[in-house]
Amino acid sequence: MTVKIAPSILNADFGHLAEAVQRAEKGGADWIHVDVMDGAFVPNITLGPMVVRAIRQATKLPLDVHLMIDDPRRYLEVFREAGADGMTIHLEADRHPHRTLSEIRRLGARAGLALNPGTPVELAQDLVDEMDMLLVMSVNPGFGGQPFIDTTYRKVRQASQLVCGRCDVEVDGGVKLTHAPLLKASGATVVVAGSFVYLEGEGPEANIAALRRALLT
C-alpha cells in the first residue's frame, strides 16, 4: 500500500505561496493540505477561500482543505467553488456532523472527519459510512511546528480498525521522518507534513523524497 503525502502549506512562505505549492508538486506530493483556521475553534487565523482559489490556480494536485472552524457547513459551498477537492471538518466543531459530511459529498468533494488528540476514535463510529477520510490529529490544532504526540500510533490503529478499509486514515501534526514507518505500520494511508517539508533540510523536493523513502521502509 502506498501512503499518500500531503504537504501542509501552513509553514510555507506565504509571500511565495504559488512557488511553495509548485515545489511540493515537483517533489512528488500527492495532495496539498490547506489549513483553514478561524480564530474561534482554534487560537489562530490563517486563510480563506480567496487564497484557496489562488492555490488552485497554482497546481493540478488535489486540495485537501482542513476546516478548523466552528459551524463549517456555512462555508462548504464557497470553499468547494474555490477549488477544494476534499473538505475535512472537526467532530468537535459541528453540532450535526452527519448532515455536514453528507453535504460535502453532495457538493462533489471528499468528506473528511477530524478528531482532536483528546477525542476518542469510537465517537466517529456512526459516521464512517458518511466519510471518505478519518483524520487523526497528532497535535492540538492551531499552530504548526508542534511536537508529535506519541499516543497517536495507538489512535491510528484504532481508526484503521474502525474504518476497516472503507476510507482513508490521515495523520496531521508534527510528522517527521522517524514517525513515518510507524504511522504506516499503524494503518495510516495519508500523512500530512508541514514544518518538516518547508522548514527543514534542503527544501520541499528533497524532504518529500526523504519522507517517501521512509514510508517505503
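Quick notes on this one:
- Of all residue pairs spaced 6 or more apart or on separate chains, those with beta-carbon atoms under 8 Å, a first member in segment 98-126 that is under 17 Å from Val156 (Cα atoms) and a second member that is crowded, with 19+ Cβ neighbours inside 10 Å and at pLDDT below 95 are Ala114/Pro141; Asn116/Pro141.
- Between Leu115, Leu123, Leu107, the distinction of being within 30 Å of Pro147 (Cβ to Cβ), in contact with a helix residue (DSSP H, G or I) (Cβ under 7 Å, 6 or more places away or on another chain), surrounded by fewer than 16 Cβ atoms within 10 Å (Cβ to Cβ) and hydrophobic (A, V, I, L, M, F, W, C) belongs to Leu123 only.
- Across segment 171-215, the number of residues qualifying as assigned to a helix (DSSP H, G or I) and hydrophobic (A, V, I, L, M, F, W, C) comes to 15.
- Qualifying residue in segment 9-24 (condition: of a type in the set (Val, Ile, Thr) and part of a helix (DSSP H, G or I)): yes
- Total residues in segment 74-88, condition more than 16 Å from Asp35 (Cβ to Cβ) and surrounded by fewer than 18 Cβ atoms within 10 Å (Cβ to Cβ): 4
- For segment 147-189, filtered to residues that are in contact (Cβ under 8 Å) with a residue 60 or more places away in the chain and either touching a His at 6+ places or on another chain (Cβ under 9 Å) or farther than 19 Å from Lys4 by Cβ (or both), the residue that is surrounded by the fewest Cβ atoms within 10 Å (Cβ to Cβ) is Asp172.
- Filtered residues of segment 1-45 (kept if basic (Lys, Arg) and more than 28 Å from Ala93 (Cα to Cα)): Arg23, Lys26
- Selection count, segment 122-146, where residues are of a type in the set (Asp, Glu), within 15 Å of Gln161 (Cα to Cα) and touching a His at 6+ places or on another chain (Cβ under 9 Å): 1
The values are calculated or read from the model by the stated rules, or taken from the named source; none is laboratory data. What you see is a predicted model, and the numbers here were worked out from it, not measured in a lab. Cβ coordinates were reconstructed from backbone atoms using ideal geometry, including for glycine residues, and neighbour counts include every protein chain displayed.
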